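Heads up, the thing below is written out as structure tokens.
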Amino acid sequence: MEEKRYLIVQQGKPSKPYSLAELRLLHLRASDFIKEEGTADFKELRELPELSRLLEVEYQAAEPQYFATLDVRLLAWAIDFFLAFAVYCILVLVPILGFAPPEQRMTLALLGLISIIPIQFFISLFMECSKYQGGPGKMVLRIKVCDVKGSPISFPKSLLRNIGKLLGFLSLGLGFLLGFFNRKQQCWHDKLANTLVIKDRLI
């Protein structure tokens, strides 16, 4: 098995890769930024449970500090909507155009647009409680759904959150406007499920 290697931030720049044995010789502080080679983001050493244990640094779970703004979240939703529309075209529109009587195609195609709502609902439902912590739009924009402590959410919490999202649409968007008046950018469905949408911290 290949030995893991790590990069640390030295004088504001990423270092060369270090082995675990080499890291021990550096006498790192709990607040030093570090990441495993090949992963996306640096974090403070004390925020990484396994590595802090190996380097004998007290582990301290960090609460989220960087919240995704509503414009970024709206863009993520637009990406998800586009993908849901693509699924609709493949699974609904193509069969209608191929098999429905010509005089009924337009009506069926328009009625079929309703299927975009459950498609997008189930994509969000299952992906927000997965290891990806968000649908394709959130993955592209590097934001993710978590609980107020920064941990991934469970399926019941994801279900509650996405039901709340539907209610937000039924309220003509009023549930989403709440985020403009909240420091953590929490919309009504975030408050309902006690969740946050956070962005990755970059160095």
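The values are calculated or read from the model by the stated rules, or taken from the named source; none is laboratory data. Keep in mind that this is a model prediction, so the values were computed, not measured. Cβ placement follows ideal geometry from the backbone for every residue including glycine, while neighbour counts extend to all protein chains displayed. All accessible areas refer to the heavy atoms of the entire protein, side chains included, with ligands and DNA or RNA removed. Shrake-Rupley method; radii C 1.70, N 1.55, O 1.52, S 1.80 Å.
Of the residues Leu97, Gln133, His189, the one whose Cα sits farthest toward the positive end of the charge dipole of the chain, with +1 on the Cβ of Lys and Arg and -1 on the Cβ of Asp and Glu, is His189.
Carbon-plus-sulfur accessible fraction, the chain (probe radius 1.4 Å, protein heavy atoms only): 65%. Here Lys184 is the anchor, and the lysines within straight C-alpha reach of less than 16 Å, apart from those fewer than 8 places off in the same chain, are Lys144, Lys149, Lys199.
The simple Förster model, with R0 at 25 Å and r as the Cβ-Cβ distance, assigns Met139 and Gln65 a FRET efficiency of 0.75. Taking all protein chains together, Glu44, Glu2 sort by accessible area into Glu2, Glu44, largest first [probe 1.4 Å]. Only protein heavy atoms count here; under a 1.4 Å probe, Ser19 has an accessible surface of about 10 Å².
Placing a label point 7 Å from the Cα of Asp41 along the Cα-to-Cβ direction, the residues of region 174-203 with a backbone N closer than 17 Å are 184-186, 195-203.
What does the convex hull of the Cα atoms of region 157-203 come to per residue, in Å³, rounded to a whole number? Walk me through the numbers on the way to the answer.
Numbers: hull volume 3.6 nm³, N = 47.
Measuring per residue, one finds 77 Å³ for the Cα hull of region 157-203.
In the context of the full set of protein chains, residues of the chain present 62 Å² of accessible surface per residue (probe radius 1.4 Å, heavy atoms only). The residue among Pro64, Ile116, Ala86 whose Cα reaches farthest toward the positive pole of the charge dipole of the chain, with charges on the beta-carbon of Lys, Arg, Asp and Glu, is Pro64. Rounded to the nearest 0.05, the FRET efficiency derived from the C-beta distance between Ser19 and Lys149 at R0 = 35 Å is 0.65. Subtracting the Cα-Cα distance of Glu2 and Leu74 from 0.36 nm times their residue separation leaves 21.8 nm of extension gain. Taken about its Cα centre, the chain carries a charge dipole of roughly 320 debye when the Cβ of each Lys and Arg holds +1 and the Cβ of each Asp and Glu holds -1. Cross-link partners for Lys35 among the lysines, with Cα-Cα distance under 16 Å and sequence neighbours closer than 8 places in the same chain left out: Lys4, Lys13, Lys16, Lys43. Stokes-Einstein diffusion of the chain at 37 °C, 0.692 mPa s viscosity, Kirkwood radius from Cα pairs, rounded to a whole number: 168 µm²/s.
Roughly how many Å is it from the Cα centre of region 169-203 to that of region 1-70, as a whole number? When both Cα centres are located, 29 Å separates them.
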